[in-house]
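What follows is a short report on a single structure.
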Amino acid sequence: MPVNTILYQEIIKNLRVANVTLVAVSKTKPVEDIQEMMNLGQLDFGENYVQELAEKQSQILQDVRWHFIGHLQTNKVKQIVPFVHLIHSVDSFRLLKEINKQAEKLGRKVDCLLQMHIAQEETKFGMNETELSEVLDAIPTLLNVQIKGLMGMASLTDDTEQVRSEYRYLSNLYQQLQTIPLCGSFSILSMGMSSDYKIAIEEGSTMVRIGSLLFGERNYNGSK
Ligand SMILES: *Cc1c(COP(=O)(O)O)cnc(C)c1O
């Protein structure tokens with residue numbers, strides 16, 4: 001399945017006008033597809049399985065900014081900390097502490113986003129506001145992570161008003177946090193995927209994660 005070059009050019013043009021960064025979500029797609037996107041000038045790629053990301057990272061020698069966007073288990077943190085550009089999916093204090101610990105071992109400071117639970121579904125990962133404030137309180141003690149902002153996934157629904165209200169909630173929270181000194185340097189609000197990125201941008205997203213629109217539908221073959 002070839003990369004959709006025309007759509008890529010169109011999307012990147014629109015995002016540039018809105019000052020939004022594109023993370024091309026390459027999960028389940030072969031390294032050749034990533035290379036093809038890189039030839040178009042794309043540098044930011046998102047993956048959500050640790051094993052798959054580690055394999056692709058070892059095969060692609062050029063500089064890629066790898067974004068980890070899936071649920072991250074604490075015992076797998078050390079596999080990605082050496083090279084990851086941004087972890088979007090920090091959904092617990094425990095996970096953040098482990099990232100900090102592994103980063104400290106390598107003398108790195110790892111950029112992270114805090115993932116908030118904004119969808120109606122029970123299954124989507126993310127923190128509530130109580131957990132968020134616990135993490136924010138601890139930020140000054142975690143010297144090897146840098147919190148850059150928030151991430152969220154809206155409900156999987158055709159109800160665009162529902163999606164819009166979830167993104168609006170996250171965007172308001174993000175703006176509120178930016179007014180407190182601890183979060184004054186927040187600069188990334190990661191929200192929006194293939195089906196809803198336009199709504200997300202209207203609601204203030206600064207970074208969208210788009211997969212199937214660029215690379216075609218994913219075929220999981222039951223393995224992933
Ligand atoms: C797969 C995935 C995406 C991209 O989804 P598409 O619908 O293919 O654009 C974005 N964010 C996360 C967290 C994902 O797992």
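Just one of the listed residues (L189, L173, L182) is away from the ligand (no atom under 16 Å from the Cβ) and either part of a loop (DSSP other than H, G, I, E, B) or crowded, with 17+ Cβ neighbours inside 10 Å (or both), and it is L173. Among residues of the stretch 194-213 being more than 8 Å from the ligand (Cβ to nearest atom) and assigned to a helix (DSSP H, G or I), the one that is farthest from Y169 (Cα to Cα) is K198. When each of K124, K109 is tested for being without any contact (Cβ under 8 Å) to a residue 40 or more places away in the chain and either within 15 Å of the ligand (Cβ to nearest atom) or more than 22 Å from A54 (Cα to Cα) (or both), the lone residue that passes is K124.
Only residues that are under 25 Å from N144 (Cβ atoms) and in a helix (DSSP H, G or I) were counted in the stretch 53-78, giving 10.
Taking into account only those residues within the stretch 97-116 that are assigned to a helix (DSSP H, G or I) and touching a helix residue (DSSP H, G or I) at 6+ places or on another chain (Cβ under 6 Å), which is nearest to I147 (Cα to Cα)? This residue is I99. Can you tell me which residue in the stretch 1-16 is surrounded by the most Cβ atoms within 10 Å (Cβ to Cβ), limited to those that are of a type in the set (V, I, T), modelled with pLDDT under 95 and in a helix (DSSP H, G or I)? Within the stretch 1-16, the match that is surrounded by the most Cβ atoms within 10 Å (Cβ to Cβ) is T5.
Restricted to the stretch 162-199, and to residues there that are β-branched (V, I, T) and in contact with a Ser or Thr (Cβ under 9 Å, 6 or more places away or on another chain), the residue that is nearest to H67 (Cα to Cα) is I188. Identify, please: which residue in the stretch 38-62 is in contact with a helix residue (DSSP H, G or I) (Cβ under 8 Å, 6 or more places away or on another chain) and of a type in the set (A, V, I, L, M, F, W, C) and is, among those, farthest from L72 (Cα to Cα)? The selected residue is L40.
Taken over the stretch 148-165, the residue count meeting the criterion of being more than 21 Å from L136 (Cβ to Cβ) and within 16 Å of the ligand (Cβ to nearest atom) is 7. Among the residues of the stretch 54-101, count how many are of a type outside the set (F, W, Y), within 14 Å of the chain's Cα centre (by Cα) and either surrounded by fewer than 20 Cβ atoms within 10 Å (Cβ to Cβ) or within 12 Å of the ligand (Cβ to nearest atom) (or both). Total meeting the criteria: 11.
The values are calculated or read from the model by the stated rules, or taken from the named source; none is laboratory data. Bear in mind that the values here come from a model prediction, so they are computed numbers and not experimental data. Quick reminder, even Gly has a Cβ in these numbers, built from the backbone with ideal geometry, and neighbours come from all protein chains shown.
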